[in-house]
Amino acid sequence: MKRNMASALLVIVLAATFVVSMAATAKGADSACSLARAAGTYGFSTNGTVIGVGPRVSAGIFTLDSTGNLTGKATSSLNGAVAGETFAGAYTINPDCTGTFNNLEIRDLSANLLLTITAALAWDDNMKHLRAIFTSATLPNGTSLPTAISADATKQQDRGVPTERNAAGTKAGMY
């Protein structure tokens, strides 16, 4: 009888250890930063200076996809001149929640290239908040502009339209 209880207790302890270790592994894999976890739409603002030109601020939205691409639009002011802009480029992310915007092309609303930038990134708050600093800014003619510009972005909540399952079992918008 004691032998059966000891065997049963050993099996229970081993099973519990296995379950706990699997939960820790799953949580560890889930907590790493990744393109998939970064994907979404963010509201953002920038604030800083283009050295020798003047202050630059902007506000807008951008979308990161799960393959490393980003697109966005903003209204900006450079030394008091306000304009709309669009931008597109690539981004990377490391498991430690740092990353880069690479060759982000900023264009005016007529699609003329204004500037190409790179930026260093850091996510926090479970990848809901992004901070950045411009690391380079280059004019279309190749002239490098010294900058002191930071950005702050917050991932927008899913504003999805309420859905219901249709007859085929897929989600369909109710509106």
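The values are calculated or read from the model by the stated rules, or taken from the named source; none is laboratory data. Source: prediction; values computed, not measured. Cβ: placed from backbone, ideal geometry, glycine included. Neighbour counts: every protein chain shown.
Could you check, for the range 103-114, whether at least one of its residues is closer than 20 Å to Leu139 by Cβ, part of a loop (DSSP other than H, G, I, E, B) and polar (S, T, N, Q)?
Just the residues of the range 103-114 that are closer than 20 Å to Leu139 by Cβ, to begin with: 103-114.
Remaining after also requiring part of a loop (DSSP other than H, G, I, E, B): 109-112.
Going one step further and asking which of them are polar (S, T, N, Q), we end up with 110, 112.
Yes, because at least one residue in the range 103-114 is closer than 20 Å to Leu139 by Cβ, part of a loop (DSSP other than H, G, I, E, B) and polar (S, T, N, Q).
Being part of a strand (DSSP E or B) and farther than 14 Å from Thr46 by Cα is the requirement here; does Ser136 meet it?
Details: part of a strand (DSSP E or B): yes; farther than 14 Å from Thr46 by Cα: yes.
Against the criterion (part of a strand (DSSP E or B) and farther than 14 Å from Thr46 by Cα), Ser136 qualifies.
Name the single residue, out of those in the range 139-158 being in a strand (DSSP E or B) and small (Gly, Ala, Ser), that is nearest to Asp65 (Cα to Cα).
The first filter runs over the range 139-158 and keeps only residues in a strand (DSSP E or B), leaving 144, 147-155.
Next cut, small (Gly, Ala, Ser) only: 144, 148, 150-151, 153.
Details: Ser144: 28, Ala148: 27, Ser150: 22, Ala151: 19, Ala153: 15 Å.
Here the residue is Ala153.
Return the pairs, sorted by first residue and then second, in which the second residue is crowded, with 20+ Cβ neighbours inside 10 Å and polar (S, T, N, Q), the first residue lies in the range 132-155 and is under 16 Å from Gly54 (Cα atoms), the beta carbons are less than 6 Å apart, and the residues are 6+ apart or on different chains.
Sorted first by the residue in the range 132-155, then by its partner, the pairs are Phe134/Thr147; Ala137/Thr147; Ile149/Thr46.
Return the residues of the range 100-114 that are at positive phi and under 21 Å from the mean Cα position of the chain (by Cα); say none if nothing qualifies. Give the derivation first.
Within the range 100-114, the subset at positive phi is 103, 111.
If the condition is that a residue be at positive phi and under 21 Å from the mean Cα position of the chain (by Cα), then Asn103 is the only one that fits.
If you check every pair at least six apart or on different chains, which have Cβ atoms under 8 Å apart with a residue in the range 58-83 that is in a loop (DSSP other than H, G, I, E, B) first and a residue that is of a type in the set (Ser, Thr, Tyr) second?
Gly68/Tyr91; Gly68/Thr92
Can you find, within the range 54-83, the residue that is nearest to Phe134 (Cα to Cα) among those that are surrounded by fewer than 13 Cβ atoms within 10 Å (Cβ to Cβ) and in contact with a Leu (Cβ under 8 Å, 6 or more places away or on another chain)? Spell out the reasoning first.
Initial filter on the range 54-83 (surrounded by fewer than 13 Cβ atoms within 10 Å (Cβ to Cβ)): 54, 66-67, 75, 79-82.
Next, from what is left, pick out any that are in contact with a Leu (Cβ under 8 Å, 6 or more places away or on another chain): 54, 66-67.
On the way: Gly54: 15, Ser66: 22, Thr67: 22 Å.
So, considering only residues that are surrounded by fewer than 13 Cβ atoms within 10 Å (Cβ to Cβ) and in contact with a Leu (Cβ under 8 Å, 6 or more places away or on another chain), the one nearest to Phe134 (Cα to Cα) is Gly54.
Out of curiosity, is Ser7 surrounded by 12 or more Cβ atoms within 10 Å (Cβ to Cβ) and at pLDDT 50 or above? Full working, then the answer.
Working: surrounded by 12 or more Cβ atoms within 10 Å (Cβ to Cβ): no; at pLDDT 50 or above: yes.
Spelling it out, it is not the case that Ser7 is surrounded by 12 or more Cβ atoms within 10 Å (Cβ to Cβ) and at pLDDT 50 or above.
Looking only at the range 115-131, count how many residues are in a strand (DSSP E or B), under 17 Å from the mean Cα position of the chain (by Cα) and free of Cβ contacts under 8 Å to residues at least 60 places away in the same chain.
Going through the range 115-131, the residues in a strand (DSSP E or B) turn out to be 115-124, 129-131.
Narrowing further to those that are under 17 Å from the mean Cα position of the chain (by Cα): 117-124, 129-131.
Cutting the leftovers down to free of Cβ contacts under 8 Å to residues at least 60 places away in the same chain gives us 117-122, 124, 129, 131.
Total satisfying the criteria: 9.
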